[in-house]
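Enquirer: This is the structure, below, for whatever I ask next.
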Amino acid sequence: MNNIYIPLKLKTLLLMLLLSTGAFAQSRIRESFNKDWKFFLGDDAAAKSKNFNDQQWRKLTLPHDWSIEGKFDEKNPAKPEGGGLPTGIAWYRKEFNAPANYKQQLVTIEFDGVYKNSEVWVNGQYLGKRPYGYSSFSYEISQFLNPGKNTIAVKVDNSAQPDSRWYSGSGIYRNVWLTTTAKLSVEQWGTFVNASVVMAGNTWSKSDEAMVQVKTNIQNKSGIKQNASIVHTIYDASGKPVEKSQPRAVQVDTSGSKLNASIRFKSPTLWSIENPYQYKVVTQIIQNNKVIDQTETSFGVRFFKFDAQKGFYLNGTPTKILGVCLHHDLGALGAAVNTRAMERQLEILKAMGCNAIRTAHNPPAPEFLDLCDKMGFLVMDEAFDMWKKKKNSKDYHLNFPEWHKRDLEDMLKRDRNHPSIILWSIGNEIREQFDSTGVAITKELVSIVKSLDKTRPVISALTEMVPEKNFIYQANALDIYGLNYNHKFYKEFPSKYPNVKFLATETTSALETRGFYDTADTIRRWPKDGKTKFTEGNKEWSASSYDNVSAYWGSTHEETWKEAKKYDHVSGLFVWTGFDYLGEPLPYPWPARSSYFGIVDLAGFPKDSYYLYQSEWTDKPVLHLFPHWNWETGKKVEVWAYYNNANEVELYLNGKSLGKRNKQGDDLHIQWDVDFEPGTLKAVSRKNGKEVLVRTIKTASAPAKIELIADRKKIKADGKDLSFVTVRILDKDGNVVPNADNLVQFKVEGVGEIAGVDNGFQASLEPFKANYRKAFHGLCLAIIQAQEKTGTIKLTASAAGLTSSSLTINTSKQ
Ligand code: GAL
């Protein structure tokens, strides 16, 4: 090559071409570090040393949550509030090969999250600890590596209880990565892309421009000054280059370098809820005509504002934030991160019309935010559930003084490129709001956030409504007032807080059990107040799905949404919660061990309120009729319907009309009181006399057969992908038997396994990791996980006295 003469201009052209196609070998490699770990439940201090014998330890693949594998027990130290599962101390070890040329490179091990108090050793060398189980963190390990075999050991200590107010899970429950880069490279989370719009007029027009500011932190661990150049290229979603920065020459000394670049381009496609369009910026560090480091950062171009009178606007369009709060557990899978399981949750919520998620009350897994970017959800990313003042004796308040700055900074640095994130929350119902200590901490936390991102407002979820008594508010540092509960206060808010932007950060806390119905003359508050022991309830440990029970600080779904929808100044709401979650089984005592607040149950089956939201939050035609139609003859049954896109609904029982109803005033449902007789209940919704939808419910006879319905019959053979299989107990005519509780046995053959089973019952003490599950109100769930081999998975479900059923799932490499 040296002998061939190539004119300089052509050389430059060739170089540009190669750079733009990324054809040079990249030195940055980021690989999954999840496989081939050894696990020991218990403590053994010797396990940190390189030569420790872990032959007897269990082999597993991360992410892993050991709590979810355990037995429910009231006496477990996490208590029913923490999910009633075991916690404790455990060790993980892994042998791995040092990357080739590791001495010339930086090798970094990245943990997305370990719950909690992790300590890490490589070849017996202590690297550090990380108390907060929701923070992502990393260690640079090149200097401790040996040629060939190396060992990493991780101690996880979740023994100090009670810690969390909900189920936390225990272990290396998120992904782990090994990243190798040049010594001169972009730092971890070293890119901040701030994409805004430049408008020619007052409103957005398609021909306007995007302004992309890219801040890059470059590290230089080579020990000597380095010269290089840096270039950024923006690609659209189809992979086509859109615009590129001028290559910029830099001299980076050993303390690193911070660079800014601005790139403008015309007519960007905006990121929105309906069209979550993303670009990416590829950053290249070039030395001696060679790309020595390359990173890719996705971003979206969008603009938004909160207005004290008019609420929230996305891309200039008034948009009510229709959100739910979510904890991080994935039901039967526990806290162990699984992208498909998170995607399924978001799909179910999207179909309900939900457009926003509050990550209660901690930073989520990075993959969760990627999904929100991709699927078009707005996100309120939350840092803490407490500051210095505790909620439980062993919770994060013990670590807050030493770690809050680091934890908050790391959340910001990790998450600030996600277009989905529109709010940073510095805390949920923080005790310091009630005394003057709240002022200084609020100011400090807000200034930490602003030092890293000024593009998004800072909020805190508050409960104290009197301005003078709320010291977090008094700090005068928050951009938006976030109120939890107190829906009757929405109306007064503008007069009590003139010109203050407002968001209902947490609402409702209604209590429901899927498939369970009882009526009441008035709405029940369970528990009644903070003092009285809870003695109401029923021996089924259930709460009615008629939306007539809530916690005393909360309200029913209807009570809340009626207020939230009424006022423009209410920018939106986050309903507590989208899904049931493990822990916080209020109001019931043991054996209740998971929450009753979800719009969707723990297994992912919607409760009836789901359709209330769907009828209000979407335009697709909805007609949801409930309850089931299996009662004692003569019983007075309330029949409810949620509907939209119609001006009347007529109900028929065994062909006889029971009358037409339509919603009056601010009604959100219609209702008939019906004397039960077995047969067929049918509802017909009509718009201007034209039929829109028909729903029928039939009285079911005895359980006769099993039906299996997979959410996906083709999944990836990647060892992670899941098929969620709904099991329905049917009578001989194919009707779901509403109170069936048959014990279903599962058999899996082929290239898959059962990752978990559930039925959504909040007081079931059956294990989640099992090949059996009782049906609950006619349904249960088997979660089937693919192996890495392609082929078929055959699932068979059987139960005594019922015709069994099987289905086949195919797995393939794409
Ligand atoms: C709220 C709290 C949530 C949850 C909820 C239950 O006050 O912020 O974390 O505990 O109550 O109703």
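The values are calculated or read from the model by the stated rules, or taken from the named source; none is laboratory data. Bear in mind that the values here come from a model prediction, so they are computed numbers and not experimental data. Using ideal geometry, Cβ is built from the backbone for each residue, glycine included, and neighbour counts are taken over all protein chains shown.
Enquirer: Would you pick out the residues in segment 622-636 that are exposed (fewer than 15 other Cβ atoms within 10 Å of the Cβ) and either free of Cβ contacts under 8 Å to residues at least 40 places away in the same chain or not small (Gly, Ala, Ser) (or both)?
Expert: Answer for segment 622-636, where residues must be exposed (fewer than 15 other Cβ atoms within 10 Å of the Cβ) and either free of Cβ contacts under 8 Å to residues at least 40 places away in the same chain or not small (Gly, Ala, Ser) (or both): 632, 633, 635, 636.
Enquirer: Taking residue 584 as the residue in question, decide whether it is within 16 Å of the ligand (Cβ to nearest atom) and under 30 Å from residue 492 (Cβ atoms).
Expert: yes
Enquirer: Kindly evaluate residue 472 against the criterion of being in contact with a strand residue (DSSP E or B) (Cβ under 7 Å, 6 or more places away or on another chain), within 16 Å of the ligand (Cβ to nearest atom) and aliphatic (A, V, I, L, M).
Expert: yes
Yes/no matrix, rows are residues, columns are (1) over 25 Å from the mean Cα position of the chain (by Cα); (2) crowded, with 21+ Cβ neighbours inside 10 Å; (3) modelled with pLDDT of 95 or more:
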| residue | (1), (2), (3) |
| --- | --- |
| 714 | no, no, yes |
| 740 | yes, yes, yes |
| 769 | no, no, yes |
| 789 | yes, no, yes |
| 795 | yes, yes, yes |
| 804 | yes, no, yes |
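Enquirer: Counting only residues that are among the charged types (D, E, K, R), within 16 Å of the ligand (Cβ to nearest atom) and closer than 17 Å to residue 581 by Cβ, which one in segment 343-394 is farthest from the chain's Cα centre (by Cα)?
Expert: 391
Enquirer: Return yes when residue 154 is out of contact with any Phe, Trp or Tyr (no Cβ under 8 Å at 6 or more places or on another chain) and either more than 16 Å from the ligand (Cβ to nearest atom) or not in a loop (DSSP other than H, G, I, E, B) (or both) and no when it is not.
Expert: no
Matching residues to (1) of a type outside the set (A, V, I, L, M, F, W, C); (2) within 24 Å of residue 338 (Cβ to Cβ):
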{"site": "55", "(1), (2)": "yes, no"}
{"site": "75", "(1), (2)": "yes, no"}
{"site": "91", "(1), (2)": "no, yes"}
{"site": "94", "(1), (2)": "yes, yes"}
{"site": "116", "(1), (2)": "yes, yes"}
{"site": "119", "(1), (2)": "yes, no"}
{"site": "123", "(1), (2)": "yes, no"}
{"site": "135", "(1), (2)": "yes, yes"}
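Enquirer: Taking segment 481-531, which residues are part of a strand (DSSP E or B) and closer than 21 Å to residue 382 by Cβ?
Expert: Selection gives 481, 482, 483, 484, 502, 503, 504, 505, 506, 507, 508.
Enquirer: If you go through segment 159-203, how many residues are part of a loop (DSSP other than H, G, I, E, B) and within 29 Å of residue 231 (Cα to Cα)?
Expert: Number satisfying all stated conditions: 3.
Listed here are the residues, each with its yes/no results for (1) in contact with a helix residue (DSSP H, G or I) (Cβ under 7 Å, 6 or more places away or on another chain); (2) under 30 Å from residue 501 (Cα atoms); (3) within 16 Å of the ligand (Cβ to nearest atom); (4) at pLDDT 95 or above.
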position: 567; (1), (2), (3), (4): no, yes, no, yes
position: 579; (1), (2), (3), (4): yes, yes, yes, yes
position: 613; (1), (2), (3), (4): yes, yes, no, yes
position: 618; (1), (2), (3), (4): no, yes, no, yes
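Enquirer: Something else now. For a quick check of your reading: which strands (runs of 3 or more DSSP E) sit entirely within segment 65-146 and have at least 2 residues that are at pLDDT 95 or above, hydrophobic (A, V, I, L, M, F, W, C) and farther than 26 Å from residue 53 by Cα?
Expert: Strands (runs of 3 or more DSSP E) meeting the threshold: none at all.
Enquirer: Inside segment 720-739, can you point out the residues that are free of Cβ contacts under 8 Å to residues at least 40 places away in the same chain and within 16 Å of residue 777 (Cα to Cα)?
Expert: Answer for segment 720-739, where residues must be free of Cβ contacts under 8 Å to residues at least 40 places away in the same chain and within 16 Å of residue 777 (Cα to Cα): 730, 731, 734, 735.
Enquirer: Can residue 187 be described as surrounded by fewer than 24 Cβ atoms within 10 Å (Cβ to Cβ), modelled with pLDDT of 95 or more and touching a Gly at 6+ places or on another chain (Cβ under 9 Å)?
Expert: Yes; evaluated as a whole, the condition is true for this residue.
Enquirer: Exactly one condition in (1) away from the ligand (no atom under 16 Å from the Cβ); (2) in contact (Cβ under 8 Å) with a residue 60 or more places away in the chain; (3) touching a helix residue (DSSP H, G or I) at 6+ places or on another chain (Cβ under 9 Å); (4) not small (Gly, Ala, Ser) is false for residue 437; which is it?
Expert: Unmet for residue 437, out of (1) away from the ligand (no atom under 16 Å from the Cβ); (2) in contact (Cβ under 8 Å) with a residue 60 or more places away in the chain; (3) touching a helix residue (DSSP H, G or I) at 6+ places or on another chain (Cβ under 9 Å); (4) not small (Gly, Ala, Ser): (2).
Enquirer: Determine if segment 744-755 includes at least one residue that is in contact (Cβ under 8 Å) with a residue 60 or more places away in the chain and either among the aliphatic types (A, V, I, L, M) or crowded, with 24+ Cβ neighbours inside 10 Å (or both).
Expert: yes
Enquirer: Within segment 375-393, is even one residue closer than 22 Å to residue 439 by Cβ, aromatic (Phe, Trp, Tyr), in contact (Cβ under 8 Å) with a residue 12 or more places away in the chain and not in a loop (DSSP other than H, G, I, E, B)?
Expert: no
Enquirer: Is it the case that some residue within segment 744-753 is over 26 Å from residue 631 (Cα atoms) and in a loop (DSSP other than H, G, I, E, B)?
Expert: yes
Enquirer: Scanning segment 550-578 for residues that are surrounded by fewer than 24 Cβ atoms within 10 Å (Cβ to Cβ) and among the aromatic types (Phe, Trp, Tyr), which turns out farthest from residue 392 (Cα to Cα)?
Expert: 567
Enquirer: Could you tell me whether residue 495 is polar (S, T, N, Q), within 26 Å of residue 423 (Cα to Cα) and away from the ligand (no atom under 16 Å from the Cβ)?
Expert: Taking the combined requirement at face value, the residue satisfies it.
Enquirer: While we're looking at this one, here's another question. Among the candidates 732, 769, single out the residue that is of a type in the set (Lys, Arg), touching a helix residue (DSSP H, G or I) at 6+ places or on another chain (Cβ under 7 Å) and assigned to a loop (DSSP other than H, G, I, E, B).
Expert: Checking each option against the conditions leaves just 769.
Enquirer: Let me ask something else about it. Given the conditions (1) under 29 Å from residue 521 (Cβ atoms); (2) not in a loop (DSSP other than H, G, I, E, B), which single one is not true for residue 696?
Expert: (1)
Enquirer: Shifting gears a bit: Quick one: would you say residue 571 is at negative phi, free of Cβ contacts under 8 Å to residues at least 24 places away in the same chain and not in a loop (DSSP other than H, G, I, E, B)?
Expert: no
Enquirer: Here is a further query. Filter segment 395-436 for residues that are more than 21 Å from the chain's Cα centre (by Cα), polar (S, T, N, Q) and over 20 Å from residue 82 (Cβ atoms) and give the result.
Expert: If the condition is that a residue be more than 21 Å from the chain's Cα centre (by Cα), polar (S, T, N, Q) and over 20 Å from residue 82 (Cβ atoms), then 433, 436 are the ones that fit.
Enquirer: Follow-up. Looking at 164, 159, 196, 168 in this structure, which one is of a type in the set (Gly, Ala, Ser) and in contact with a Lys or Arg (Cβ under 8 Å, 6 or more places away or on another chain)?
Expert: Being of a type in the set (Gly, Ala, Ser) and in contact with a Lys or Arg (Cβ under 8 Å, 6 or more places away or on another chain) holds for just one of 164, 159, 196, 168, which is 168.
Yes or no, residue by residue, for (1) away from the ligand (no atom under 15 Å from the Cβ); (2) surrounded by 15 or more Cβ atoms within 10 Å (Cβ to Cβ); (3) not hydroxyl-bearing (Ser, Thr, Tyr):
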{"position": "451", "(1), (2), (3)": "yes, no, no"}
{"position": "463", "(1), (2), (3)": "no, yes, no"}
{"position": "487", "(1), (2), (3)": "no, yes, yes"}
{"position": "499", "(1), (2), (3)": "yes, no, yes"}
{"position": "514", "(1), (2), (3)": "yes, yes, yes"}
{"position": "530", "(1), (2), (3)": "no, no, yes"}
{"position": "537", "(1), (2), (3)": "yes, yes, yes"}
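Enquirer: Which residues, taken from segment 539-565, are within 16 Å of the ligand (Cβ to nearest atom) and of a type in the set (A, V, I, L, M, F, W, C)?
Expert: Once the filter is applied, which keeps residues that are within 16 Å of the ligand (Cβ to nearest atom) and of a type in the set (A, V, I, L, M, F, W, C), segment 539-565 yields 543, 549, 551, 553.
Enquirer: Please list, ordered by first then second residue, the pairs with beta carbon atoms under 6 Å, 6 or more apart or interchain, first in segment 458-469 and under 10 Å from residue 481 (Cβ atoms), second at pLDDT 95 or above and of a type in the set (Phe, Trp, Tyr).
Expert: 465/489; 467/473
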